[in-house]
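Peer 1: First the structure, which I've put down as C-alpha cells, then a few questions once you've had a look.
The values are calculated or read from the model by the stated rules, or taken from the named source; none is laboratory data. From a predicted model like this one, the values you see are computed outputs, not experimental measurements. For neighbour counting, all protein chains shown are included, and Cβ atoms are generated from backbone atoms with ideal geometry for every residue, glycine included.
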Amino acid sequence: MTSGQAFRIVSLLLALELSLTTGHAQGHPIDSSSLTLTEVADGRFLVRWQTTSATLRRGLAQPAVFPTPCRLQGSDLDCGPTGLAGSIELPWLKGSQSRVMVQIDWRTGSRLLRVVDGRSPSLAVYGIPASSGFRFLKPIAIDYTRLGIEHILTGFDHLLFVLAITMLVRSGKRLIAAITAFTVAHSLTLAATVLGWLWFPSAPVETTIALSIVLVCAECVRPKDSLTHRAPWLVTFAFGLLHGLGFASALLAIGLPEKHVPSALLFFNVGVEMGQLGAIALFMVLGWLVTRLRRRPPWLWSGLVYAMGATAAFWSIERGLAIFVR
C-alpha cells in the first residue's frame with residue numbers, strides 16, 4: 001500500500017463518516033421527554049412527566065406502568081412500606097425513536113438516572129434489601145456490568161490513554177504490569193469517590209486526564225531513557241488515580257441503587273475492565289495486521305501518535321477553560 005493509496009482510503013472513510021453524521025443530524029427531530037420521581041415520604045413519590053411531543057401530551061393517559069405494589073393517583077405514587085422496587089415499564093415507547101430520561105430521587109439523597117428508549121422500554125429499580133440473597137444481585141450485575149462496558153467504549157479519552165500505553169509499551173510482560181497498575185489505581189479512586197471518602201471537582205480532573213494522554217503520546221516519540229519508558233507501571237498507576245476519579249463522576253451521574261452501592265460499584269468496575277481488555281486486544285490485533293503490510297507508509301506510526309496527542313491537547317485546552325468559565 002503506497003502513501004497515496006493510504007491517503008485516499010483515509011479520505012474516503014472520513015467522507016463516509018461525515019455523510020453519515022450529517023444525515024443523522026438532519027433527520028426528523030426526536031421527542032424529548034422526562035419522568036421524575038421524587039420521594040416525599042417513605043414509599044411515596046411525586047411524579048412529574050414532561051414531554052415536547054404534543055401527541056404524547058394529548059393521548060398518553062399514564063407515562064409508565066409502575067411495579068405492582070405501587071398505585072398512581074394523579075401525580076402521587078404510593079408504593080407502601082416495601083418502597084419503589086421492581087420494573088418500571090414504558091410499553092408505549094417500544095419500537096419508537098423517542099427517549100425518556102427517568103430520574104428517581106430518594107429522601108436519603110440517593111439518585112437513579114437512566115435514559116430509556118424503544119429498544120428496551122423498561123427500567124429496573126433495585127429496592128430489595130441486601131439481606132435477601134445473591135439471586136437479587138443478578139439484575140444489578142447485568143445492568144452495571146453493561147454500563148461499565150459502555151462507559152469505557154464510549155469514553156474516548158480513556159480509550160486514547162490505553163491505546164497510547166499499548167503503543168508505548170510493546171513488551172508483553174511490561175504491558176501487563178502497566179495495565180494492571182492502571183487498573184488497581186483507578187479502582188481505588190473509583191471506590192473511594194463513590195463511597196464518599198474522596199472528592200475532587202470535575203473540571204480539573206477531566207483536564208488532567210486529557211493532559212495524561214498528551215504526556216504518554218509525547219513519550220511515544222521520545223528516546224527510551226525516560227522514566228515512562230523505564231517504569232511505565234509507575235506512570236500508569238499515577239494517572240490511573242486520575243482516571244478513576246473520571247469513572248466515579250460518570251457512575252455518580254448515572255446513579256446507584258440505594259441499598260446496593262457496593263455491588264453496583266463492583267460490577268461497574270468489572271464492566272470497565274472487560275471493556276478495557278477488549279479494547280487492548282483489538283488494538284494489538286490491528287497493530288499486528290499493520291506490521292503484516294508489505295509497504296506500510298513510514299509516517300503511519302508517528303502520524304497516529306501526533307493525531308492522538310493533538311486531539312488530547314485540544315481537549316486539555318477546552319476542559320481547562322471550563323475551570324474558569326462558570
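To keep it simple, each residue is scored yes or no on (1) out of contact with any helix residue (DSSP H, G or I) (no Cβ under 7 Å at 6 or more places or on another chain); (2) polar (S, T, N, Q).
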| site | (1), (2) |
| --- | --- |
| Pro201 | yes, no |
| Thr207 | no, yes |
| Leu211 | no, no |
| Val216 | no, no |
| Glu219 | no, no |
| Ser226 | no, yes |
| Arg230 | yes, no |
| Trp233 | no, no |
| Phe239 | no, no |
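Peer 1: Next up: Within 30 Å of Phe283 (Cβ to Cβ), in contact (Cβ under 8 Å) with a residue 40 or more places away in the chain and polar (S, T, N, Q) - does that describe any residue in segment 82-102?
Peer 2: Within segment 82-102 (the criterion being within 30 Å of Phe283 (Cβ to Cβ), in contact (Cβ under 8 Å) with a residue 40 or more places away in the chain and polar (S, T, N, Q)), the answer is no, since none of the residues qualifies.
Peer 1: Among the helices (runs of 4 or more DSSP H) contained in segment 210-325, which hold 3 or more residues that are outside the structural domain of Thr108 (by TED's automatic domain parsing) and surrounded by 18 or more Cβ atoms within 10 Å (Cβ to Cβ)?
Peer 2: 232-254, 261-291, 300-324
Peer 1: Here's another thing I want to ask about it. May I ask you to list the residues in segment 305-317 that are in contact (Cβ under 8 Å) with a residue 60 or more places away in the chain and out of contact with any Ser or Thr (no Cβ under 9 Å at 6 or more places or on another chain)?
Peer 2: Val305, Tyr306, Met308, Gly309, Thr311, Ala313 - these are the residues of segment 305-317 that are in contact (Cβ under 8 Å) with a residue 60 or more places away in the chain and out of contact with any Ser or Thr (no Cβ under 9 Å at 6 or more places or on another chain).
Peer 1: I would also like to ask the following. Can you pull out the residues in segment 149-175 that are at pLDDT 90 or above and more than 20 Å from Ser316 (Cβ to Cβ)?
Peer 2: If the condition is that a residue be at pLDDT 90 or above and more than 20 Å from Ser316 (Cβ to Cβ), then Ile149 is the only one that fits.
Peer 1: So, in segment 183-206, how many residues would count as being buried (at least 20 other Cβ atoms within 10 Å of the Cβ), farther than 10 Å from Leu241 by Cα and not aliphatic (A, V, I, L, M)?
Peer 2: Number of matching residues: 2.
Peer 1: Which condition number in (1) touching a residue at least 40 places away in the same chain (Cβ under 8 Å); (2) at negative phi is the one that Thr291 fails?
Peer 2: For Thr291, the exception is condition (1).
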